[in-house]
Amino acid sequence: MLTTATDEIRIGSLAIRFLVEGEASGGSVAVFEFDVPAGANVPVAHSHDGYEETIYGLEGVLTWTIEGTPIDVGPGEALLIPRGAVHQFD
């Protein structure tokens, strides 16, 4: 299912907009924009057994902790989170 940028999920101050959902790609990919304002509440650490997650920075810097290792992601940088890796952003 293709969605528009106006279809937004809010979790506190976080905003998620799905651009492509898994059904539209035969389950191969989902694409979403994720806005994280400075000082946002941090969701709990989690993992995904069924897929990898790729983070691409558009502006600002967001620190992700993957399996206990902090990694900064800034504009133009990408980060691959492997299947099963426990991660969260700080």
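The values are calculated or read from the model by the stated rules, or taken from the named source; none is laboratory data. Model, not experiment: these values are computed from the prediction. Cβ sites come from the backbone with ideal geometry, for glycine too, and all protein chains shown count toward neighbours. Just the protein is used for accessible areas: all its heavy atoms, side chains included, with ligands, DNA and RNA removed. Shrake-Rupley method; radii C 1.70, N 1.55, O 1.52, S 1.80 Å.
Couple of notes before you dig in:
- Å² per residue, accessible surface of the chain at 1.4 Å: 66
- Taking the Cα centre of the chain as origin and assigning +1 to Lys and Arg Cβ atoms and -1 to Asp and Glu Cβ atoms, the resulting dipole is close to 100 debye.
- Once the Cβ-Cβ distance of ARG10 and THR63 is raised to the sixth power relative to R0 = 25 Å, the FRET efficiency obtained is 0.70.
- The accessible surface of the chain, taken with every protein chain in place and a 1.4 Å probe, is 57 percent carbon and sulfur.
- Percentage, to the nearest whole number, of Cα pairs in the chain over 23 Å apart: 24
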